[in-house]
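Everything below concerns the one structure shown next.
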Amino acid sequence: MTEPPIRLVIADDDALVRGGLATILGLEADIEVVGQAADGREAVAACRELAPDVVLMDVRMPGTDGVAATREIVAAGLPTRVLVVTTFENDDYVYGALHAGASGLVLKRVAPEELIHAVRIVARGESMVFPPMVRAIVGRNHVPAPADDPRVRLVESLTEREAEILRMLAEGLSNAEIAERLVVAVHTVKTHVAHVLGKLRARDRTQAVILAYETGFVTPGEPRR
């Protein structure tokens, strides 16, 4: 049975950019652009009304910016995943959006096929923030969590295998790559990942990886073993 197309909303204050993105993405058979928004307020309204799978969110917009909009979408418990579109990956707005619950990050200068790939990855619930980028963003912005931070206790609640899975997520490994390294079935890895996200109360892989760095479970260097 054919999978339904990915329902997408595009939020950018530049009408030409919105139109260009809609044209590029709308040509894909598995992506349907269901709405557009000129600022964060309109983006939130569109997500509430249309329940898209993904919103392509510019972070720098007048009025309600992409960070505030992302926070509102996540706080409302909407099923929509936020894919941040930005010019500079080390922008403070980017850290704010990721911390607010964005599921991924893509640069405006990427090739169309990379943008399309990013939308598909985020729609599947996988991470679209590469580990070196996470290390750079978190290392530049965060204050190390104290030992009594509740998030530290969440990480400590992981089993040995779940902790191993979290380290691999922080390395940027896919389910298939984790399965190959552990010599287990992919569906087994999916189960472990689901348990990790549940214990960490993380919306998705990206949020789990950010938590891993911010609590010191993994460091800006090599993941701990």
Complete set of residues in the stretch 32-46 that are assigned to a strand (DSSP E or B) and open to solvent by 10 Å² or more (accessible area, probe 1.4 Å): 32, 33, 34, 35, 36
Condition first: open to solvent by less than 70 Å² (accessible area, probe 1.4 Å), in a loop (DSSP other than H, G, I, E, B), at pLDDT 70 or above and within 16 Å of residue 59 (Cβ to Cβ). Now tell me which residues in the stretch 91-149 satisfy that. 101, 102, 103, 110
Starting from the stretch 1-14, take each residue that is within 16 Å of residue 85 (Cβ to Cβ) and list its partners that are among the small types (Gly, Ala, Ser) and part of a loop (DSSP other than H, G, I, E, B), counting only C-beta distances under 6 angstrom and pairs at least six apart or across chains. 13/38
Quick one: in the stretch 47-65, of everything that is under 19 Å from the mean Cα position of the chain (by Cα) and of a type in the set (A, V, I, L, M, F, W, C), which residue is surrounded by the fewest Cβ atoms within 10 Å (Cβ to Cβ)? 51
Pairs, please: C-beta under 6 Å, at least 6 apart or cross-chain, first residue closer than 15 Å to residue 12 by Cα and in the stretch 90-114, second among the small types (Gly, Ala, Ser) and in a helix (DSSP H, G or I)? 97/66; 106/118
I'd like to check something: does the stretch 200-207 contain any residue that is open to solvent by 30 Å² or more (accessible area, probe 1.4 Å) and of a type in the set (A, V, I, L, M, F, W, C)? no
Number of the condition not met by residue 68 [criteria: (1) more than 20 Å from the chain's Cα centre (by Cα); (2) closer than 21 Å to residue 207 by Cα]: (1)
Return a yes/no flag: does the stretch 33-44 have any residue that is under 21 Å from the mean Cα position of the chain (by Cα), charged (D, E, K, R), over 17 Å from residue 61 (Cα atoms) and modelled with pLDDT of 95 or more. no
Do we find a residue being of a type in the set (S, T, N, Q), closer than 21 Å to residue 102 by Cβ and at pLDDT below 80 anywhere in the stretch 169-176? no
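The values are calculated or read from the model by the stated rules, or taken from the named source; none is laboratory data. No experiment lies behind these values; they were computed from the predicted model shown. Cβ: placed from backbone, ideal geometry, glycine included. Neighbour counts: every protein chain shown. Areas reflect the complete protein model, heavy atoms only, side chains present, ligands, DNA and RNA absent. Shrake-Rupley method; radii C 1.70, N 1.55, O 1.52, S 1.80 Å.
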